[in-house]
1. If I take every Cα pair under 8 Å that is 6 or more residues apart in region 223-364, average their sequence separation and divide by the length, what percent do I get for the relative contact order?
2. Between region 209-264 and region 298-361, what is the C-alpha centre distance in whole Å?
3. With every protein chain kept in place and ligands, DNA and RNA left out, what is the accessible area per residue of the chain? Probe 1.4 Å, answer in Å².
4. Which number comes out as Rg/Rh for region 306-364 once both Rg and the Kirkwood Rh are worked out on C-alpha atoms?
5. How much of the DSSP bridge set in the chain is antiparallel, in percent, rounded to the nearest 5?
6. Mean-square fluctuation check for the chain, GNM, Cα pairs under 10 Å: which of Ser92, Ser258, Ser155 is largest?
7. What is the gain in length, in nm to one decimal, between Glu89 and Arg23 on full extension, counting 0.36 nm per residue of separation less the C-alpha to C-alpha distance?
8. Between Ala24, Ala85, Ala264, find the one with the highest GNM mean-square fluctuation for the chain; connect C-alpha pairs within less than 10 Å.
Amino acid sequence: MPRPILATIHTESLRHNLARARRAAPDARIWGVVKANAYGHGIERVWEGLRGADGFALLDLAEAERVRALGWRGPILLLEGVFEARDLELCSRLGLWHSVHHDAQIDMLAVHKTHQPHRVFLKMNSGMNRLGFAPARYRAAWTRLNALPQVDEISLMTHFSDADGPRGIAHQMQVFQEITRDLPGERTLGNSAATLLHGSDPAVRADWVRPGIAVYGSAPDFPDHDIAGWELQPAMTLSARIIGVQELAPGDTVGYGSSFTADASLRIGVVACGYADGYPRHCSTGTPVLVDGVRTRLVGRVSMDMLTVDLSQLPDAGVGSEVTLWGRAAGGQMLAIDEVARAGGTVGYELMCALAQRVPVVVD
Ligand SMILES: Cc1ncc(COP(=O)(O)O)c(C=O)c1O
């Protein structure tokens, strides 16, 4: 018998979420952001659900090769561009579009031998101070790229630091628009938060949007909105089963460090899921979990292969009962990954990406 833990990727939910993102930015084309192995879901596993995107955005050349191997002939964008000169050969061979965010990438292009000029996305650092040309240097980079025979179309790109928070995007939009106003080329600006919150705002109009996390069923601005509020559905369920039950007397403690003490008699279930499966160790007593579709709480510390849950309100639960760590229970009840992430002091992104190799995965 395999250990009773399973991750399920929900094809229909991916499709639904992609359609939801489209509705938020009806005039834009959509990059399906599949970096980090499709946010931990697996590129091949999300393929059926996301193949309706207009293009795929990612970082690793090996991942781009996997998308081409799936038969995708449309656009693929390398969000961080090339890392070394020989990467351009693969771009030529696979027809990859790539971001250009520093001078060395232009130097590499200038000496690259290709019959097929490249489409590039010139990235501006409009305030996030991660990748991109400073606004004052952006137009010079554009002029340099525009003079290269290795380049055909130049698209314009930036990325927002606070689309999900109170600071918003106006300050970066102002910089981006001021510098690019009269430049030709398509624009790609926003991630999930910007797409959901501002996608239909004419002032933030873009030719391409780049929603990642929303498509995987996590609310980018949780807890301001949850997935139900955004009409999104979990794309990944992590479920396991109860493999043991303990009856606690008042004063009994649970697990390493005895971090939980029962103040009354309490039945607890021991679940076949721990931090070595990707469940966050920082989740403490009170973190929500579903047992047979009923919401209860984690008690005590998460250990490597097991965690413990309160069964006091679940008299029928026992060994073999279904536990939903996040996602959708067999009966349809939902537990948003965002709630679990928050209890562990992190975000849904990290939980998805951290799903451990040892967890078997099925696609439904
Ligand atoms: C350049 C770029 N575009 C789009 C995204 C997608 O962002 P999100 O998953 O928040 O929608 C990311 C993710 O970090 C990114 O780095």
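The values are calculated or read from the model by the stated rules, or taken from the named source; none is laboratory data. As the structure is a prediction and not an experimental result, all values here were calculated from the model. Cβ coordinates were reconstructed from backbone atoms using ideal geometry, including for glycine residues, and neighbour counts include every protein chain displayed. In case anyone asks, the SASA skips ligands and DNA or RNA and just uses the protein heavy atoms, side chains included. Shrake-Rupley method; radii C 1.70, N 1.55, O 1.52, S 1.80 Å.
1. Worked out over region 223-364, it gives 26 percent.
2. 5 Å
3. 43 Å²
4. 0.98
5. 55 percent
6. Between Ser92, Ser258, Ser155, it is Ser258 that shows the largest mean-square fluctuation.
7. Between Glu89 and Arg23, full extension yields an extra 20.1 nm.
8. Result for the chain, Cα springs under 10 Å: Ala264 fluctuates most.
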